[in-house]
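Here is the structure we will look at, set down as structure tokens.
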Amino acid sequence: MSDAVAPGPGRLRRIGARLAKVRARRIVPLAILAPIVLAGCQVPDFGAFKGATSQGQDAYKLWQGFFIAGIVVGGFVFLLILWAVFRYRRRNEAVPRQTQYRPVIEILYTVVPILIVAGLFVFTVITENEVDAVPNSQVTIDVTAFQWGWQFYYPATGKVVIGQTLDQPQMVLPINRDVTIHLESADVVHGFYVPEFNFSRYAQPGYVNVFNFNVLHTGVYRGQCTQLCGLYHSLMLFSVKAVTPAQFDAWVHQTSGHHATIGQLKQQIRANGPGA
Amino acid sequence: MRIEALVLIGVAIFFGIVGAVYWFTSYEDGGTMMLVGTCLLGLLPGSYYYWWHRRMGDRPEDRPDATVEDGAGEIATFPGSSIWPFVLGMGAFMLVLAFAFGMWFFFPAVGLILTALVGVTAESRRGGHV
Amino acid sequence: MTDLINPPLTGNGAHGTSVIDIIEHREHAEHGPTGILKWLTSTDHKVIGMSYMITSLVLFYMAGIMALVMRLQLATPNSSLVSFAQYNELFTMHGSLMLYLFAGPFAFGGLANYIVPLQVGAPDMAFPRLNALSYWLYLSGSITMMMGFLVAGGAASFGWVAYAPLSNATNSPGAGGDIWIMALVLTGFSAIFTGVNLVATIFYLRAPGLTMFRMPIFTWNMLVTAILILIAFPVLTAALVMLFCDRHFGTHIYSVQGGGSPILWQNLFWFFGHPEVYILALPYFGIVTEVIPVFSRKPVFGYKGMVFATLSIAALSTGVWAHHMFTTGLVLLPFFSLLSLLIAVPTGIKFFNWIGTMWRGEIQFSTAMLFSIGFLFAFLMGGVTGVMLASPPIDFFTHDTYFVVAHFHQVLFGTAVFAGFAGLYYWYPKFFGRTLREHLGKWHFWLMFIGFWVTFMPQYIVGLLGMPRRVAVYPSYLGWQSYNIISTVGAFIIAASFAVLLWNLWISWRKPVVCGDNPWDAHTLEWFTTSPPPHHNYSHLPPIRSERPTWDYNHPEAPAVGHGEGREPHRRDKVTVGQ
């Protein structure tokens, strides 16, 4: 390279590289500070539900943390790629320096990700234990999924709610109470999913999944089967109605009257198609 | 052969460790069986290659300073063309169709497979292309 | 034929004198059959590799058309374009075709078959007839899979994962499911045979001086992929045979009623399924690692680190199968979460290797390079959301929603499609001695790049809003339609880009642009021979003293250096400039 006087391409390149180094030095502390600074002000929801249960809110906070980490790490790599692509586009036919190894950088980009992953893992385990905890509760509901509907059974009073596809059943819950759900399937694997609770769990044949909800606000939340379960998987809907404990007690003590069994509903839908 | 052997022995060591950790944290038998199986899958060929490496030392492709002349000589016999893989493949095709559609596919399938096996063996004994 | 084979004369080096004819073999092909009989009987890895590529591309287009039908169905909330049953068949076959019959076979059946023997300086694969058998099993498996649409009751409709007990004879009666199982048994054996063949070729047929740590990264990745195939595919085949027994011979391996365990299917399937994801990804990482150095005119940055990163990705990938089963409530969450998160580390290393390779290079934006850069962005996005999904509490509310659909499409589209077509544009001159049209290639790239983001980004949002995957209809009052319409528009932009590719293939075939043996000034051994390579590949080999023998031969003045090596002249230059 004959850049004796004028700042030729080689010199520009060195300046660019130095700039890049400065940028890297600035970004690293930013990456560490960003979550702390952002925690002080209002963190956006990044598209997720804030969580209508206490468990859902824990998951939501973890989601925010992961999303910020994702923006910082992903953004850093994104800018690096962009910089490399634009800065080092071909200008002449010269053969550049054939650098192949820089041990310090290589060690750096191995160790730093390990540390980030370790941090993410710690927060994951903490949240996971909160979400999966099943403390003693006042209300228990046995949920049975079947093709293609749901049955909600309240063992304390024997109350049953059942429905299929477009005649979707509604589960009623008290707010501010720990509610334990026993989830099982009568046939194939289904997915019990309430988007606003930030939670889903498989309903499986032969195995009962147990988990808790502590709903914070009254309201009606939609739910749906997420795991492919056959022909009318798309229509396997339900809803969750959260009411005050007094309303719940009144509701759960009303007798449920005559209702079809799971077997009858399955026969009905196979014969007549989906619908009420 | 050293690196080749070590890659496979590495597979064995890694899955040995992961399998042990998995068993003692979950006591789940299905996953543990598969991890142990994977460990053996690395161990058997890996130790065999390592044994060969100890016996025969470095081949020209293992030595960084080897020249093309070091590898001179016949590498192997490569058949230029052969109809038998096609026949064998069609036999296997019919065999699985027998499982899906019914047993009438079974007899042509066995016929094709046997013909191909005889054919390919004879071809190899004659030394390559027929 | 041998008079056509000359050592490339582009080199200005003195090393070029020691090329020696090393291959003594029996020449059969010149007297062998021609025409269709040649295709049926050929055991040449190049013919087989080309057959694999053409077959898998045809299947790719078919699966793409299925995707378009599904996107049209989802453009309106309660669409009745296809029925529920047809929709279930469509996504099952789309997934099966793309994953089992396109992405894998295109890489380890097509490109690897063609390129690996060339990159290691071998005359053919180690077992040429086994190689031919692999292809016939793959082709018959593909035909079997497509037969599903012809039988009464339709094709398989239980998803590409075929969860038990949905896939048993009660819940999925009919021949469609059996055909699906049998198609996968055939292609499974095809993959296992190819895996064996690749390992043997790489272990036993390398050229003198081509030590393991001088192999091109593509070959390294294919070796690791082959080992993963040998770990994963036997498990799948065994699981499928047991599923078939459950369906027809009255066993109860996966059914609760007979004392079996449905979760066993998920364990077996994902023990195959997660390595399978890397069986689909690693070859494409390899392609990108060939393309980026060539068009940056630099060696692979951190070559050895990259090899170890590949090995650790492969190792970790076999210990994370249950992260697909977080919501079963039956798996050890911290164990699988930690191993899944850890995969981000070697993947990150690869990213920095690719960036480091481009750093201070001279990047030429050929079509292949554009596709590789597109891959970097696509895979970065897919990788970041992948880290989120590795955390069980986040997976709980994104599992089986469109968030996951968007994630794995970005990963797999990023690898198999972006990197796959980078490989096609890069090696097309090797296959035919002609180039594809570069300007059409750029149209192809930009349409696909735009279509890719337009299609998959809205799916993340609609997934977070709670839209489950594999639904044929969705309620109209939830505000999901606008996202789905954007996604559908994106899908058609991608389809347009593949129309451009077809036109490009056609016009480049009819009006060839001849380009010589080594149009890219490439690095690895396959560019040392003629394009297309002669029967049995090489009559001469260059001395192999690094992982870039062809580059060393053509540029003896520019060997790869470590940091600090050979810096003196630069330092002195700098001082002169300062004064």
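Some values worked out for this structure:
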| item | result |
| --- | --- |
| Among the candidates C:330, C:311, residue that is surrounded by fewer than 22 Cβ atoms within 10 Å (Cβ to Cβ), in contact with a Phe, Trp or Tyr (Cβ under 9 Å, 6 or more places away or on another chain), assigned to a helix (DSSP H, G or I) and not charged (D, E, K, R) | C:311 |
| Residue within region A:122-138 that is at the interface with another protein chain (Cβ under 7 Å from one of its Cβ atoms), without any contact (Cβ under 8 Å) to a residue 24 or more places away in the chain and on the phi < 0 side of the Ramachandran plot present | yes |
| Unmet criterion (only one of (1) buried (at least 18 other Cβ atoms within 10 Å of the Cβ); (2) touching a Ser or Thr at 6+ places or on another chain (Cβ under 7 Å)) for residue A:220 | (1) |
| Filter pass, residue C:473 being more than 30 Å from residue C:214 (Cα to Cα) and part of a loop (DSSP other than H, G, I, E, B) | yes |
| Residue count, region A:180-206 (criterion: over 24 Å from residue C:465 (Cα atoms) and either surrounded by fewer than 22 Cβ atoms within 10 Å (Cβ to Cβ) or not hydrophobic (A, V, I, L, M, F, W, C) (or both)) | 9 |
| Verdict on residue C:153 being touching a helix residue (DSSP H, G or I) at 6+ places or on another chain (Cβ under 9 Å), open to solvent by less than 20 Å² (accessible area, probe 1.4 Å) and of a type outside the set (Val, Ile, Thr) | no |
| Qualifying strands (runs of 3 or more DSSP E) (wholly inside region A:158-247; at least 1 residues being within 13 Å of another protein chain (Cβ to nearest Cβ) and at pLDDT 90 or above) | A:179-185, A:190-194, A:199-203, A:209-213, A:219-225, A:237-243 |
| Test: residue in region B:87-108 that is of a type in the set (A, V, I, L, M, F, W, C), more than 28 Å from residue C:139 (Cα to Cα), open to solvent by less than 60 Å² (accessible area, probe 1.4 Å) and within 11 Å of another protein chain (Cβ to nearest Cβ) | no |
| Exclusive hit being touching a Gly at 6+ places or on another chain (Cβ under 6 Å) and aliphatic (A, V, I, L, M), set C:378, C:419 | C:378 |
| Residue, farthest from the other protein chains (Cβ to nearest Cβ), within region C:408-433, restricted to residues that are surrounded by 24 or more Cβ atoms within 10 Å (Cβ to Cβ) and under 17 Å from residue C:348 (Cβ atoms) | C:415 |
| Every residue from region A:131-155 that is at pLDDT below 90 and either out of contact with any Lys or Arg (no Cβ under 8 Å at 6 or more places or on another chain) or exposed (fewer than 14 other Cβ atoms within 10 Å of the Cβ) (or both) | A:131, A:132, A:133, A:134, A:135, A:136, A:138, A:148 |
| Output for region C:78-121, where each listed residue is closer than 20 Å to residue C:474 by Cα, touching a Gly at 6+ places or on another chain (Cβ under 7 Å) and open to solvent by less than 10 Å² (accessible area, probe 1.4 Å) | C:92 |
| Test: residue in region C:124-134 that is hydrophobic (A, V, I, L, M, F, W, C), more than 8 Å from chain B (Cβ to nearest Cβ), open to solvent by less than 10 Å² (accessible area, probe 1.4 Å) and within 29 Å of residue B:121 (Cα to Cα) | yes |
| Residue under evaluation residue C:182, criteria (1) at pLDDT 90 or above; (2) farther than 19 Å from residue C:252 by Cα; (3) part of a loop (DSSP other than H, G, I, E, B), criterion not met | (3) |
| Test for residue A:85: is it assigned to a helix (DSSP H, G or I), free of Cβ contacts under 8 Å to residues at least 60 places away in the same chain, more than 30 Å from residue C:397 (Cβ to Cβ) and more than 9 Å from chain C (Cβ to nearest Cβ) | no |
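So that you can scan it fast, the table gives a plain yes or no per residue for (1) crowded, with 21+ Cβ neighbours inside 10 Å; (2) touching a Pro at 6+ places or on another chain (Cβ under 9 Å); (3) over 30 Å from residue C:90 (Cβ atoms):
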{"site": "C:456", "(1), (2), (3)": "yes, no, no"}
{"site": "C:472", "(1), (2), (3)": "yes, no, no"}
{"site": "C:481", "(1), (2), (3)": "no, yes, no"}
{"site": "C:486", "(1), (2), (3)": "no, yes, no"}
{"site": "C:516", "(1), (2), (3)": "no, yes, yes"}
{"site": "C:527", "(1), (2), (3)": "yes, yes, yes"}
{"site": "C:546", "(1), (2), (3)": "no, yes, yes"}
{"site": "C:549", "(1), (2), (3)": "yes, yes, yes"}
{"site": "C:556", "(1), (2), (3)": "no, no, yes"}
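The values are calculated or read from the model by the stated rules, or taken from the named source; none is laboratory data. What you are looking at is a predicted structure, and each value in this text was computed from that prediction instead of being measured. Backbone-built Cβ (ideal geometry, glycine too); neighbour counts: all protein chains shown. Ligands, DNA and RNA are excluded from the accessible area calculation, which covers all protein heavy atoms including side chains. Shrake-Rupley method; radii C 1.70, N 1.55, O 1.52, S 1.80 Å.
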